[in-house]
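For reference, the structure discussed in these notes is given below.
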Amino acid sequence: MSRWSAAAERNREMVAENAERILNDRRYDRFRTPTALRRLAISYSIVAVLIPTGWLAGGSIVGIVAVLVGVGVYLLLRVAVRSVADLPDHVLDERLRRDRDSVYLDAFRLASSIVFLAANAALVAVAFRDGATITFGYDQVSAVYWTVFALVMGAPSVVMAWRQAGEPA
């Protein structure tokens, strides 16, 4: 066995141990109730809207604060759904693997629809004005970057939380 395959095997075992610990963790059960999951999903969605608002209306400091709040809600949301969306195939059973794959499909559809609608809204905003241009400074680029980042990173956990909230206990 080569050095690289031995390291890969150790990494695989470590991931499996961590996954088992994450899936069996009971410390955050209060965030796994249907009401709490829906609140977390809605809170993350609100924060994802507040991020560009903070950058565009309040500038860099308000934008950074909005991003930090978003990170906090995102981490809490990830703990609530037990990070199932990011666990590798070898640590998930067939049902969890199917659920994870379905969540990613729905999250992709959600995120791409939001980006498509936002791009079309920007196009419509300037399309019917003669000589209209869109200029981007640091705050505008940061607003777009952090919003897309929040959308792409959070969509799977939001979809997973919403689904888990609708499942019977």
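Brief remarks follow.
- Within region 106-140, the set of residues being in a helix (DSSP H, G or I), of a type outside the set (D, E, K, R) and in contact with a helix residue (DSSP H, G or I) (Cβ under 9 Å, 6 or more places away or on another chain) comprises Ala107, Phe108, Leu110, Ala111, Ile114, Val115, Ala118, Tyr138, Gln140.
- Residues located in region 117-169, provided they are in contact with a Pro (Cβ under 9 Å, 6 or more places away or on another chain) and at pLDDT below 90: Gln164, Ala165, Gly166, Glu167, Ala169
- Just one of the listed residues (Ala150, Ala165) is under 23 Å from Leu87 (Cα atoms), in a helix (DSSP H, G or I), among the hydrophobic types (A, V, I, L, M, F, W, C) and touching a Leu at 6+ places or on another chain (Cβ under 9 Å), namely Ala165.
- Unmet criterion (only one of (1) farther than 30 Å from Gly137 by Cβ; (2) at pLDDT 90 or above) for Ile22: (2)
- Residue match in region 52-66 (condition: part of a helix (DSSP H, G or I) and under 21 Å from Val103 (Cβ atoms)): no
- When residues in region 70-84 are screened for being in contact with a helix residue (DSSP H, G or I) (Cβ under 6 Å, 6 or more places away or on another chain) and under 20 Å from Arg30 (Cβ atoms), 9 of them pass.
- Filter pass, Arg39 being out of contact with any Gly (no Cβ under 9 Å at 6 or more places or on another chain) and more than 27 Å from Trp146 (Cβ to Cβ): no
- Search result, residues across region 2-32 that are free of Cβ contacts under 8 Å to residues at least 40 places away in the same chain and not in a helix (DSSP H, G or I): Ser2, Asn24, Arg26, Arg27
Results for (1) farther than 24 Å from Tyr44 by Cβ; (2) within 22 Å of the chain's Cα centre (by Cα); (3) not small (Gly, Ala, Ser), shown as yes or no for each residue.
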site: Asp93; (1), (2), (3): yes, no, yes
site: Arg100; (1), (2), (3): no, yes, yes
site: Val103; (1), (2), (3): no, yes, yes
site: Thr147; (1), (2), (3): no, yes, yes
site: Ala150; (1), (2), (3): no, yes, no
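- When Pro34, Pro52 are checked against the criterion of being closer than 21 Å to Leu151 by Cα and either surrounded by 15 or more Cβ atoms within 10 Å (Cβ to Cβ) or not β-branched (Val, Ile, Thr) (or both), Pro52 stands alone in meeting it.
- If the condition is being in a loop (DSSP other than H, G, I, E, B) and among the hydrophobic types (A, V, I, L, M, F, W, C), then region 67-99 contributes Val81, Leu87, Leu92.
- Pairs linking a residue in region 45-63 that is on the phi > 0 side of the Ramachandran plot to a residue that is surrounded by 15 or more Cβ atoms within 10 Å (Cβ to Cβ), with Cβ atoms under 9 Å and 6 or more positions apart or on different chains, are Gly59/Asp139.
- Looking only at residues of region 99-146 that are aromatic (Phe, Trp, Tyr) and surrounded by 11 or more Cβ atoms within 10 Å (Cβ to Cβ), we find that the one that is farthest from Pro52 (Cα to Cα) is Tyr104.
- Some residue of region 26-44 being under 15 Å from the mean Cα position of the chain (by Cα) and farther than 30 Å from Gln140 by Cα: yes
The values are calculated or read from the model by the stated rules, or taken from the named source; none is laboratory data. A quick note: this is a predicted structure, and the numbers were derived from the prediction, not measured. In this analysis, Cβ positions are derived from the backbone assuming ideal geometry, glycine residues included, and neighbour counts consider all displayed protein chains.
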